[in-house]
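The values are calculated or read from the model by the stated rules, or taken from the named source; none is laboratory data. Only a predicted model underlies this, so the values are computations on that prediction, with no experimental measurement involved. Don't worry about glycine lacking a Cβ; one is built from the backbone with ideal geometry, like all the others, and counts go over all protein chains shown.
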Amino acid sequence: MASAAAVLESLAVPRPRPTIIAASAPWTATAPVSTSLCRRRMGLFPEFRGLGFAPRRPRVLSASNVAISKGLRRGSVVCEAQRATIEVPEVTKSTWQSLVMECATPVLVEFWAPWCGPCRMIHPIVGNLSKVYDGKLKCLSLNTDENQDIATEYGIRSIPTILIFKNGEKKDTVIGAVPESTLITCIEKFIEK
């Protein structure tokens, strides 16, 4: 256990705080575990980019849960990479004709809904593909809750479903949260090189 603490100590880079007295001893890579607790209290752990702190929503507590809730933490660490994903433009019933049917390049349309977990998994993949195939493929998303008539017209029975259109004609369908390699294989058939 002590060797693991030494390894972790060597990875931690202290960041000075204005409240620390300059005469304090410098931290070494072989500091004992007790100094790591001291560092935590003094705020000397490194700042991690890509992680953030998200406060939890307050819950309604009953009298029996009050004692238990005092030991719970009030927030959680979240990955901020989710916020850095590329936004895929929305298509609606009013813009369907101009953005999908009359488009000169192939179009990938992601049929999704906000409550769908697998849709949230595949959405960043579609965003990444829109960046990779910029100029060769247009990627759009369609909310099936708000545009049920288009989903019905194309026989969408489960989400996420991805349709690929070329020259206003449906060419391929991918159903479910699939890996990026599966989507690339489908897209490559319709991209002109």
Could you list, ordered by first residue, the pairs with Cβ atoms under 8 Å in which the first is in the range 172-193 and in contact (Cβ under 8 Å) with a residue 24 or more places away in the chain and under 15 Å from P124 (Cα atoms) and the second is of a type outside the set (S, T, Y) and assigned to a loop (DSSP other than H, G, I, E, B), at least 6 apart or interchain? G176/P160; A177/P160
Could you grab me the full set of residues in the range 161-171 that are modelled with pLDDT under 95 and under 15 Å from I125 (Cα atoms)? none
So P118, is it farther than 23 Å from I191 by Cβ, surrounded by 14 or more Cβ atoms within 10 Å (Cβ to Cβ) and in contact (Cβ under 8 Å) with a residue 12 or more places away in the chain: yes
Quick one: is A177 within 20 Å of W115 (Cα to Cα), surrounded by 13 or more Cβ atoms within 10 Å (Cβ to Cβ), assigned by TED's automatic domain parsing to the domain that holds V109 and over 22 Å from the mean Cα position of the chain (by Cα)? no
